[in-house]
1. Give me the dipole magnitude in Debye, nearest 20, for the chain about the Cα centre, with unit charges on the beta carbon: positive for Lys and Arg, negative for Asp and Glu.
2. Using just the helices of the chain, give the 222 nm mean residue ellipticity in deg cm²/dmol: DSSP H runs with n ≥ 4 each add -39,500 (n - 2.57), and the total is spread over all residues, rounded to 500.
3. Could you grab the relative contact order for the chain? Cα pairs under 8 Å, six or more apart, rounded to a whole percent.
4. Considering only GLY66, GLY39, GLY80, give the residue with the highest GNM mean-square fluctuation for the chain, with springs between Cα atoms whenever their separation is below 10 Å.
5. Using protein chains only and a probe of 1.4 angstrom, how many square angstrom of SER134 are accessible, to the nearest 10?
6. Considering only protein heavy atoms, with the full assembly of protein chains and a 1.4 angstrom probe, order LYS213, LYS40 by accessible area, largest first.
7. What accessible area per residue comes out for region 127-183, rounded to a whole number of Å², with a 1.4 Å probe?
8. Keeping all protein chains in the complex and leaving out DNA, RNA and ligands, what accessible area do you get for THR176 with a 1.4 Å probe, in Å² to the nearest 10?
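The values are calculated or read from the model by the stated rules, or taken from the named source; none is laboratory data. Predicted model only: the values in this text are computed from it and were never measured. Neighbour counts are summed over all protein chains in view; Cβ atoms, including those assigned to glycine, are modelled from backbone coordinates with ideal geometry. SASA here: full protein model, heavy atoms, side chains in, ligands and nucleic acids out. Shrake-Rupley method; radii C 1.70, N 1.55, O 1.52, S 1.80 Å.
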Amino acid sequence: MSKKIFAANWKLNKTPEEAREFVIKFKNDVFKTPDFFKGKEVILFPSAFSLEAVSSLCAGTAIGFGPQNIHSEKSGAFTGENSAEVAQSMKAQYALVGHSERREIFKEQDELLDKKNALLQVLGLNPVFCIGESLAQREAGKTLEICFAQMDKGLKSFDKSQRLILAYEPVWAIGTGKVATPEQVAEVHRELHQYLTKNAFKNFQILYGGSVKPENSKELLAIPHVDGFLIGGAALQVESFIKICTI
Ligand code: PGA
């Protein structure tokens, strides 16, 4: 059975100093528990300015990390963007792609996300590719249609023999406190699993994201095909993040 993944998306929070404090405290707390990392993968997604701070404390340890976004080209005249190649040189192993805030606020389109996923694969980084429907789309009964279309387009160039980490995050559940019901999560994860299997993806895991907290994480993790979480608000404090990671 593959490991459960616990990924912290810090969004635009934490200075490098605060990121360092988090990692030091996290390490102090978890290294007291023998086998804490057994059966799980822990990933931190700091903001770009704090990536170096996280890298300096996590590179070569059991704690994975990566940027929240990368540009679709490796380097060049793209003022203000972040390079996947630079993240790779900082020993990042993962990168978020297509978070709903990137899609909604920064108008990132599926075709661009496909390029980003492909670039990460070329560089040997694991994309954590985010998909999910809005409230209006769910109410219109279009949840699966939207998720399948986001995968069709955003993973068009994806080398299916390589690892994919997919994060299903219903947009209406992100940062709202409105977690999807276990039945809703179970249905979508079952369908996503079927889709990926049918489409010949060889090695994939499906995370759930959207208002995951210590109070609901156990129930959600017990749902078939929920291979872990992408966690925003509740991953900002060491205590609540560790509670979620403790399985
Ligand atoms: P949330 O964010 O846990 O605060 O809902 C999740 C995310 O945006 O990835």
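1. Details: 30 positive and 29 negative charges, 111 e Å.
Here the chain has a charge dipole of around 540 debye.
2. Calculated mean residue ellipticity at 222 nm is -11500 deg cm²/dmol.
3. Contact order relative to length: 19 percent.
4. The residue that fluctuates most here is GLY80.
5. It works out to around 40 Å².
6. Highest to lowest solvent-accessible surface, that is LYS213, LYS40.
7. 43
8. For THR176, the solvent-accessible surface is approximately 80 Å².
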